Amino acid sequence: MQKFFTYTLVDNIDDIRIGQKDNLPIVVNCLNPHSFVTALDDNDFAQALHHSDYLLPDGEGICMSLKKWGNKEIKKIAGDDIHKHLLKQVDSVDGKVYYMGSSEIVLELIRKRLSNEYPHVSFRCFSPSYDITISEEESKHIVDDINAFAPDVLFVGMTAPKQEKWTEKHRDKLMAVGIIANIGAVFDFYAGTVKRAPDWAVKLKIEWLVRLLKEPKRMWKRNFVSTPRFLKWVSQHHSEI
């Protein structure tokens, strides 16, 4: 584990294993520069991140800041990485996964790919409403359906901070779940509706640039508003790393 200001980050993905649950489900969240600065203005989101059992360094800005000012080496662990990591574990034990989030079109593509790639995984999917917040009535229906299925892993893909705040609010009701992983855009990556950056771009630490070029409307704020604010904040508080 590595400290990044008040957050504790995972530095080894192998630490995250299914079957470790004792009481409440284990929660896995991701931290990148955009979510970091969003949490500065959103106490509920910040609390959800602090309550993570495993918080992934899902941003080169996080890793580079730790190296520059904290003299600590840590590799980026993306939501896509934890998705693959957990699916392999579930497949090895003929387990179950639940996908909550995105559109029905995306979920149907996920169903088809799962059936081909992970034949030993049982799965169920649900596409929630696209409202800013999910109603209590709909949340109850979702929670009941998830618990009835009792998945080893619940993948939530509603983008930050909606997904983390929903998980934080309903975690204590999801007692039949082993791990909850909030992985946002990974639903689209796995469905193939959005292509993740190629491996060479990830190794060169320019995945952010590839995503910006592919999705400028969605990614411009992260890169031209959140990233400068993140760098300014870190430079002013680097002695705390």
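When only Cα pairs under 8 Å and 6 or more residues apart are kept, what is the percent relative contact order across the chain?
Averaging sequence separation for qualifying contacts and normalising by length gives 25 percent for the chain.
Quick check for you: which residues of the range 178-212 have the amide N under 16 Å from the point 7 Å beyond the Cα of Ile105 toward its beta carbon?
Counting backbone N atoms under 16 Å from the label point, the list is 187-195.
Hey, in the GNM for the chain with a 10 angstrom Cα cutoff, which one of Thr159, Thr227, Thr193 fluctuates hardest?
Result for the chain, Cα springs under 10 Å: Thr193 fluctuates most.
Give me the three principal axis extents of the chain from the C-alpha atoms, as integers in angstrom, largest value leading.
48, 35, 35
Among Ser115, Ser102, rank each residue by its count of other Cβ atoms within 10 Å, from fewest to most, as a rough exposure measure. If you can, show how the numbers build up before the last one.
On the way: Ser115 11, Ser102 28.
Listing Ser115, Ser102 from fewest to most nearby Cβ atoms yields Ser115, Ser102.
Going by how many other Cβ atoms sit within 10 Å of their own, how do Phe224, Phe4 line up, fewest first? Kindly include the intermediate steps, with their values, before the conclusion.
Values: Phe224 10, Phe4 21.
Taking fewest neighbouring Cβ atoms as first place, the list is Phe224, Phe4.
Rounded to the nearest 5, what % of the DSSP beta bridges within the chain are antiparallel ones?
10 percent
Modelled label-to-label distance, Asp14 and Met175, 7 Å Cα→beta-carbon offset: nm?
3.5 nm
Run the reach check for Lys112 against aspartates and glutamates, Cα to Cα strictly under 14 Å, same-chain hits fewer than 8 apart removed. What comes back?
Reachable aspartates and glutamates: Glu104, Asp188.
Along the range 42-59, what does the Karplus equation 6.51 cos²θ - 1.76 cosθ + 1.60 (θ = phi - 60°) give for ³J(HN,Hα), rounded to whole Hz, x for Gly and Pro?
Per residue, the Karplus-derived 3J(HN,Hα) values read 10, 5, 5, 5, 4, 5, 4, 5, 5, 8, 4, 7, 9, 10, 8, x, 9, x Hz.
Beta carbons within 10 angstrom, averaged per residue: use that to sort the peptides 82-88, 69-75, highest first.
82-88, 69-75
Divide by every residue of the chain the summed helix terms, -39500 (n - 2.57) for each DSSP H run of at least 4, and state the resulting mean residue ellipticity at 222 nm, rounded to the nearest 500 deg cm²/dmol.
-14000 deg cm²/dmol
Going by average Cβ density within 10 Å per residue, which order do the peptides 195-204, 43-52 take, highest to lowest?
43-52, 195-204
Readers should treat all values here as calculations from the given coordinates under stated rules, not as data from a laboratory. Just so it is clear, the model here is predicted, and its values are computed rather than measured. Note that each Cβ is placed from the backbone with ideal geometry, even for glycine, and that neighbours are counted across all protein chains shown.
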